[in-house]
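Quick notes on the structure that follows.
The values are calculated or read from the model by the stated rules, or taken from the named source; none is laboratory data. Not measured: the values here are computed from a predicted model. Every residue, glycine among them, receives a Cβ derived from its backbone with ideal geometry; neighbour counts consider all protein chains shown.
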Amino acid sequence: MENRSFDHMLGWLPGANGVQAGRTFVDTNGQSHDSAHLTLFQNCASADPDHSFGGGRTQLNGGAMDGFLLTQQAGDQFPIGYYEAADVPFFAAAAQNWTICDNYFCSILGPTWPNRFYMHTGQTDRLTTGGNTNDTDGLVSILPTIWDAAAYAGVSARYYYSDAPILPLWGGSFTDISFTFDQFVADAAAGNLPSISYVDPPFVGEAQGTSADDHPLADIRNGQVFMNKVYQALSTSPNWAKTLLIINYDEWAVSPTMSPRRWHRSRPMKRRSAMSIRRSTRTAPAWPISASARPVC
């Protein structure tokens, strides 16, 4: 899923390390605004909140976590809004039955592609979405992936996508393991899921607010429906007893983590690519769901 923070979607959860109401932020005109409950599920009147490498650091503001309106047009308070339990029924049900990860941090304080690369490779070779690699200055990545490791170990693995797959960023290396979401549903029903599965939501239509990945300005109800479809496919599958479903978001973007406590700085990583950066990151929603997972926050 895409571009929502823990506080934005799950800060209402009792006992969780989250915050929603009670914070004040200053915009580019020097005006103060309080964090507030969002009453619209789709926020097309607002701008897509800045989640670039540079914008994230403006929002971080040295750890004060108070610069979220400084990267937004004056008057646009979308980045400091939040949803409550009644707005996110799938999350509300999940919170009652499974473990919620309230200190799960996105991989890098940056945009979609770098965080997506971390999901597939444990590292990144660029700091922008749509940009070329730092290794070869080309679009196609040469980073080794979890798919390479699975193939080497003889572990079955498949990547399922809805409309815009990311694995073509490795050229044609993984066409043989890439399948549509409909195939995921069929494999689950037949009990033919591999040992490792990645399932990506519908990305197309983000700018128009019609995608189902929760990327602003998407209607979050579409995201709730999509995650429930994945859960229903798995929980009714013959594979369910031995399945662990992990739902996560790539990065923060909208309503970034609003508490000064909610950021993390890690050591620079040694990696095969030429990039070595000190990463400051923020919390995003994530939780494991399975037949044996406990309801713990």
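For segment 210-240, what are the residues that are more than 17 Å from the chain's Cα centre (by Cα) and at pLDDT below 95?
If the condition is that a residue be more than 17 Å from the chain's Cα centre (by Cα) and at pLDDT below 95, then T210 is the only one that fits.
Given the condition modelled with pLDDT under 90, in contact with a helix residue (DSSP H, G or I) (Cβ under 6 Å, 6 or more places away or on another chain) and crowded, with 20+ Cβ neighbours inside 10 Å, answer yes or no: does some residue in segment 257-266 qualify?
Yes, that holds for at least one residue.
Select from segment 25-55 the residues that are free of Cβ contacts under 8 Å to residues at least 24 places away in the same chain and polar (S, T, N, Q) and list them in ascending order.
S32, T39
Out of segment 73-103, which residues are assigned to a loop (DSSP other than H, G, I, E, B), buried (at least 17 other Cβ atoms within 10 Å of the Cβ) and touching a strand residue (DSSP E or B) at 6+ places or on another chain (Cβ under 9 Å)?
Q77, Y83, W98, T99, I100, C101, D102
If you go through segment 91-98 one residue at a time, do you hit one that is within 18 Å of the chain's Cα centre (by Cα), at pLDDT below 95 and under 18 Å from P49 (Cα atoms)?
no
What is the one condition in (1) surrounded by 14 or more Cβ atoms within 10 Å (Cβ to Cβ); (2) in a loop (DSSP other than H, G, I, E, B); (3) not aromatic (F, W, Y) that V204 does not satisfy?
Going through the list (1) surrounded by 14 or more Cβ atoms within 10 Å (Cβ to Cβ); (2) in a loop (DSSP other than H, G, I, E, B); (3) not aromatic (F, W, Y), V204 breaks only (1).
Give just the number: which of (1) modelled with pLDDT under 90; (2) more than 30 Å from L169 (Cα to Cα) does F68 not satisfy?
(1)
Would you pick out the residues in segment 69-94 that are closer than 22 Å to L13 by Cα, free of Cβ contacts under 8 Å to residues at least 60 places away in the same chain and either in contact with a helix residue (DSSP H, G or I) (Cβ under 8 Å, 6 or more places away or on another chain) or basic (K, R) (or both)? First the steps, then the outcome.
Step one: of segment 69-94, the residues closer than 22 Å to L13 by Cα are 78-94.
Right, trim to free of Cβ contacts under 8 Å to residues at least 60 places away in the same chain and you get 86, 92-93.
Once the filter is applied, which keeps residues that are closer than 22 Å to L13 by Cα, free of Cβ contacts under 8 Å to residues at least 60 places away in the same chain and either in contact with a helix residue (DSSP H, G or I) (Cβ under 8 Å, 6 or more places away or on another chain) or basic (K, R) (or both), segment 69-94 yields A86, A92.
May I ask you to list the residues in segment 210-224 that are surrounded by fewer than 18 Cβ atoms within 10 Å (Cβ to Cβ) and free of Cβ contacts under 8 Å to residues at least 60 places away in the same chain? Explain how you work it out, then say what you get.
Residues of segment 210-224 surrounded by fewer than 18 Cβ atoms within 10 Å (Cβ to Cβ): 210, 221.
T210, the sole residue that qualifies.
Would you please list the contacts, defined by Cβ atoms under 8 Å and residues six or more apart or on different chains, that run from a residue in segment 56-68 that is in contact (Cβ under 8 Å) with a residue 24 or more places away in the chain and hydrophobic (A, V, I, L, M, F, W, C) to a residue that is surrounded by 15 or more Cβ atoms within 10 Å (Cβ to Cβ) and part of a helix (DSSP H, G or I)?
M65/Q59; F68/Q59; F68/P79; F68/I80
Okay, residues lined up against (1) assigned to a helix (DSSP H, G or I); (2) on the phi < 0 side of the Ramachandran plot:
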{"position": "Q123", "(1), (2)": "no, yes"}
{"position": "L127", "(1), (2)": "no, yes"}
{"position": "N134", "(1), (2)": "no, yes"}
{"position": "D137", "(1), (2)": "no, no"}
{"position": "I142", "(1), (2)": "no, yes"}
{"position": "D148", "(1), (2)": "yes, yes"}
{"position": "Y152", "(1), (2)": "yes, yes"}
{"position": "D163", "(1), (2)": "no, yes"}
{"position": "P168", "(1), (2)": "yes, yes"}
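Any idea which of (1) outside any helix (DSSP H, G or I); (2) within 20 Å of the chain's Cα centre (by Cα); (3) exposed (fewer than 15 other Cβ atoms within 10 Å of the Cβ) is the one G54 doesn't satisfy?
It fails just one condition, (1).
Please name all residue pairs, on different chains or six or more residues apart, with Cβ atoms under 6 Å, provided the first residue is in segment 111-128 and is free of Cβ contacts under 8 Å to residues at least 12 places away in the same chain and the second residue is crowded, with 19+ Cβ neighbours inside 10 Å.
Within 6 Å, the pairs are Y118/S107; Y118/T124.
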